[in-house]
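So the structure is just underneath, and the comments pick up after that.
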Amino acid sequence: MRKRIDLEYIFSSSVTILFSRLSTAPGLAEWFSDDVKHAGNIFTFVWDGVGEQAELVDMKKNSYVRFKWLDADDENEFFEFSLHVEPLTEEVALIITDFVDTDEEGDAVELWNKQVEMLHRTVGG
């Protein structure tokens, strides 16, 4: 069985810089996968020489980007990066939404933590 997870990470980087790392092939290749290619709305994410394709299904500049795996079993599943700015502190919260197998939730969270740690290093925040 699969379940939705929402993970939140705090950044002190600018929304514009962070959004470019979430929404462009070169930006995503810096932290999310080994390489990223795109043609139109189809992004190919490469890990260890193996490509997985996702469609960019929705995006609002400096707010969120949503992808859907082309080989997903459930058409309602997606993964999304959304940004929220805390008005008082101006910290940026990155909220990652993903769907995972229930018995693999811990591994999925650990993987996201490692990837976001890389993102923190690339944006310096």
Handout entry: For residue 91, residues with placed amide H under 5 Å, excluding near neighbours
Key = 86
Problem - Kirkwood-type radius of the chain, with distances r between different C-alpha atoms, in Å - result: 14.9 Å
Handout entry: Cα lying deepest toward the dipole's positive end in the stretch 48-125, options 56, 87, 119, charges on Cβ
Key = 87
Handout entry: On Cα atoms only, tilt of 105-123 relative to the major axis of the chain in degrees
Key = 50 degrees
Handout entry: Distant-in-sequence amide H partners of residue 58 (H built 1.01 Å from N, under 5 Å)
Key = 66
Problem - Ranked list, fewest to most other Cβ atoms within 10 Å of each Cβ, for 61, 68, 37 - result: 61, 37, 68
Fill in the blank from the handout: Under the Karplus relation with 6.51, -1.76 and 1.60 and θ = phi - 60°, whole-Hz ³J(HN,Hα) for the stretch 89-95, x at Gly and Pro, equal 9, 6, 6, 10, 9, 9, 10
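If you place +1 on the Cβ of every Lys and Arg and -1 on the Cβ of every Asp and Glu, how big does the dipole about the Cα centre of the chain come out, in debye to the nearest 20? All intermediate terms of the calculation are to be shown ahead of the outcome.
Values: 11 positive and 26 negative charges, 141 e Å.
The calculated dipole for the chain is roughly 680 debye.
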Completion exercise
Once Lys and Arg are counted +1 and Asp and Glu -1 for all other residues with Cβ under 11 Å from that of residue 47, the total becomes -4
Fill in the blank from the handout: Scalar couplings 3J(HN,Hα) for the stretch 18-35 by Karplus 6.51 cos²θ - 1.76 cosθ + 1.60 (θ = phi - 60°), nearest whole Hz, x for Gly and Pro, are 5, 4, 5, 7, 9, 10, 10, 4, x, x, 5, 5, 6, 9, 8, 8, 5, 8
Handout entry: Whole-number percent relative contact order across the chain, with pairs defined as alpha carbons under 8 Å at least 6 apart
Key = 32 percent
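Scan the chain and report its longest stretch carrying no GluC sites (Glu not before Pro) that are both in a DSSP loop and have at most 10 other Cβ atoms within 10 Å. Intermediate results must be reported in sequence, preceding the final value.
On the way: sites that count: 75, 90.
Free of exposed loop sites, the longest segment is 1-74.
Every number here is computed from the coordinates shown, using simple stated rules; none is lab data. The model shown is predicted, which means the values in this text are computed figures rather than measured ones. All Cβ positions, glycine included, derive from the backbone under ideal geometry; neighbour counts span all protein chains shown.
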